[in-house]
Amino acid sequence: MSSYTAFLSWLYRYKLYHIPFWFVYHYVWWSISSGSPLKAADNIFFSPYTFKFLFYVLFQAIGVYVNLYYLLPKFLEKGKYTAYLVSVLLTILVTSFLIIPGYYVSAWWNGIPFEELFGMPANSFMHFVKTNSLPSTVASMTLAMSIKLGKNWLESQRRAQILEKEKLETELKFLKAQFNPHFLFNTINSIFVLIHKNPDRASESLAKFSHLMRYQLYECNAPQIPLDQELLYLENFIELEELRMESDFELSVYFPTPLSSEAKSMMIAPFILMPFVENAFKHVSQSPEQVNWITIRLTLRENILSFHVGNSRSSLEKNAHDILQAGGLGLKNVQRRLDLLYPQKHNLDIVDQTDRFEITLALNLEAVSEAPLVVN
């Protein structure tokens, strides 16, 4: 650490930088009252008024710090408003009185009669209080209070923003932590059932499942990932779901391939699309008396991603609200993540009909901030 840096650290540690602030503050006031900065500097440093200036600087600083560091925390911050008002008025009066002896010290030190130096008789103590020291003390106390309260407000706003960010980060981490066990439970359970019925298909499912786990554990811990990476994950997931499905159904999948160079540069929050696909496979009808189907379609137009997922439902299927509840953490989780990551930048429509359940998501991929919340 350089000597200059150490000196600055020392100044800040003991708040000694306040000393030049008060000198500058009073110098400005003297410049305004005298009408000339040069004349004010001459009066302060090269005239008999030096002690008068020092008394203003010293005692107003003391009065201000008594207010800021004793009266404010002891009375105002504890809601003792009457006690604070009385105390601060007494502090202003005492400070104003303590300044006036500086006039007499200036006259005595320079050997100049008081009447000659200040143009007033020596018994004009209260006159100088009312016309000079009291208004000046009120002004300095008001300025210091404004700076202190403004600083406190800015700090409270900054703390509130930090707390809100930490809250969102914590909530997103919690939502993602909920999602992964949800997916693991469903998939492992399906493979376990498939082992006894079709070992070959179970083996293939397990291989694909290991690829998905590698993706979840190592490749998608960033707050945003490339869109083509997420689509590849979806394709693997769909193939895995196809393998474990027992009933016949018609599957229609469309992803734009190959992606344009512009689309490849787009980023998306990981796992924001998959719960919709998972929900379709989970709730698709399996009745032999009707056509069972799942439709998954993703299109891109400029920066808008449109994602449509639909599945057939039997007449015995529950309504959409119950599907959302039965889906557990899946759809409710992704709806909450959309609200957190893409506020006012997404539109999710849910169609609930007797024979079908469909969602359509429109997502502005530019909506994610340049410094998104970290979700690990």
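Observations
- Of the residues Lys318, Lys345, Lys332, the single one that is at pLDDT 80 or above, charged (D, E, K, R) and open to solvent by 80 Å² or more (accessible area, probe 1.4 Å) is Lys345.
- Of residues in region 169-203 being of a type in the set (A, V, I, L, M, F, W, C), within 28 Å of Ala222 (Cβ to Cβ) and open to solvent by 40 Å² or more (accessible area, probe 1.4 Å), the one modelled with the lowest pLDDT: Phe174
- Criterion: outside any loop (DSSP other than H, G, I, E, B), at pLDDT below 90, loosely packed, with under 13 Cβ neighbours inside 10 Å and of a type in the set (Val, Ile, Thr) - qualifying residue of Thr137, Thr131: Thr131
- Checking Ser247 against (1) within 15 Å of Ile350 (Cβ to Cβ); (2) modelled with pLDDT under 85; (3) not charged (D, E, K, R), the condition it does not meet: (1)
Here is a yes/no grid of residues against (1) open to solvent by 40 Å² or more (accessible area, probe 1.4 Å); (2) part of a helix (DSSP H, G or I); (3) touching a residue at least 24 places away in the same chain (Cβ under 8 Å):
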site: Asn43; (1), (2), (3): no, yes, no
site: Pro48; (1), (2), (3): no, no, yes
site: Phe51; (1), (2), (3): yes, yes, yes
site: Val57; (1), (2), (3): no, yes, yes
site: Gly63; (1), (2), (3): no, yes, yes
site: Ile92; (1), (2), (3): no, yes, yes
site: Ser106; (1), (2), (3): no, yes, yes
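- Pick from region 271-294, criterion open to solvent by 40 Å² or more (accessible area, probe 1.4 Å) and not in a loop (DSSP other than H, G, I, E, B), ranking: modelled with the highest pLDDT: Trp293
- Exactly one residue out of Met120, Met126 is part of a helix (DSSP H, G or I) and either open to solvent by 60 Å² or more (accessible area, probe 1.4 Å) or at pLDDT below 90 (or both), and it is Met126.
The values are calculated or read from the model by the stated rules, or taken from the named source; none is laboratory data. Values in this document were obtained by computation on a predicted structure and should not be read as measured data. Because the Cβ atoms are built from the backbone with ideal geometry, glycine has one as well, and the counts that use them run over all protein chains shown. Surface accessibility is based on the protein's heavy atoms, side chains included, excluding ligands, DNA and RNA. Shrake-Rupley method; radii C 1.70, N 1.55, O 1.52, S 1.80 Å.
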